[in-house]
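Below: the structure, in structure tokens.
The values are calculated or read from the model by the stated rules, or taken from the named source; none is laboratory data. Just so we're clear, the structure is a prediction, and the values are computed from it rather than from any experiment. Cβ placement follows ideal geometry from the backbone for every residue including glycine, while neighbour counts extend to all protein chains displayed. Note: areas computed on protein heavy atoms with side chains; ligands, DNA, RNA excluded. Shrake-Rupley method; radii C 1.70, N 1.55, O 1.52, S 1.80 Å.
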Amino acid sequence: RELAASPAAALLLARLARATDLTTMADDDRRAVAETCRHTGGLPLALELAAARARVYSLPEVADMLRAHPIALGNPTRASHHASLRAAIEDNLRLATPDERVVHRRLAVLPGGFTVEAAAAVCALPPLDGDGLPDLLAGLVRRSLLRATPPADTGDHTVFHQLTPLRAHAVDALHRDPQEARQVRAARDRWVFDAIAAGPRIGRPGQA
């Protein structure tokens, strides 16, 4: 039922020119559709490229390929600026400021959702400082390079996410400079250790 209600799944099936009634699909295919939507982050271009690949490979094979290489999707028959997911991401990044590009790649060390505080821990290293980070995160959101989820309750914080293909690109970009990658990972680990040390010990009252 969740898959049938997914706009990403509906788009993928429409591009495959297959019936949108998921009950007619084999269980393996339904699982593959769900995995494909997850690995593409629901990005329309990524789903279209996945559908193009599914004309040659089975849906489970496409899902396996995406799991291994989330930004390797391509379609040489399309116009050059839409020929691959990597190219589309890099086209978008070219419009970003140099500081936004730094933040994009450094956020790769934060899997899952993260707050401004966590982002500052890994991004506020030379040549950046933490003062301008909220605006840099907002800029990445405006460029569709980051997703923001507003707080649900008073006192909560906005949570940011890098979609899977965007994070895969950020990982590749960060690893082009091994020294920066080591510094950013070390900064993340220090922040995590400090956060744990600042809280109540495991099993004690008040442990978050």
Under 8 Å for C-alpha pairs, at least 6 residues apart: give me the relative contact order for the chain, rounded to a whole percent.
17
Distance between segment 98-128 and segment 1-71 - C-alpha centres, whole angstrom:
30
As I understand it, the value is the acute angle between the Cα axis of helix 133-142 and the longest principal axis of the Cα atoms of the chain; what does it come to in degrees, rounded to 10?
10
Amide H neighbours of S84 under 5 Å, counting only residues 5+ apart in sequence or on other chains, H built in-plane at 1.01 Å?
N75
Can you find, among P134, A121, V102, the residue farthest towards the positive end of the dipole of the chain? Put +1 on the C-beta of Lys and Arg, -1 on that of Asp and Glu.
V102
222 nm [θ] for the chain, helices only, -39500 (n - 2.57) per DSSP H run of 4+, per residue, to 500?
-16500 deg cm²/dmol
What figure, in Å² to the nearest 10, do you get for the accessible area of M65 with a 1.4 Å probe and non-protein molecules left out?
60
Would you mind checking the tilt of helix 59-68 against the longest principal axis of the Cα atoms of the chain, expressed as 0 to 90 degrees and rounded to 10?
30
Convex hull volume of segment 1-71 per residue (C-alpha atoms, cubic angstrom):
74
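When only DSSP loop residues count, what trypsin sites (Lys or Arg not before Pro) in segment 126-165 have their Cβ near at most 15 other Cβ atoms within 10 Å? Each step should come with its number before you reach the end.
Working: sites: R142, R143, R147; in loops: R143.
Hits after loop and neighbour filter: R143.
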When ligands, DNA and RNA are left out and all protein chains stay put, how many square angstrom of accessible area per residue does the chain have with a 1.4 Å probe?
57
Between 0 and 90°, nearest 10: helix 164-175 axis offset from the chain longest Cα axis:
50
Of the accessible area of the chain, with the probe set at 1.4 angstrom, what percent is carbon plus sulfur?
54
Nothing charged except the Cβ atoms of Lys and Arg (+1) and of Asp and Glu (-1): what's the magnitude of the dipole of the chain about its Cα centre? Round to the nearest 20 debye.
340
Select one label from [x] 52, 40, 33; [y] 53, 44, 30; [z] 58, 45, 40: the one whose number is Cα extents along the principal axes in Å as derived from the coordinates shown.
[y]
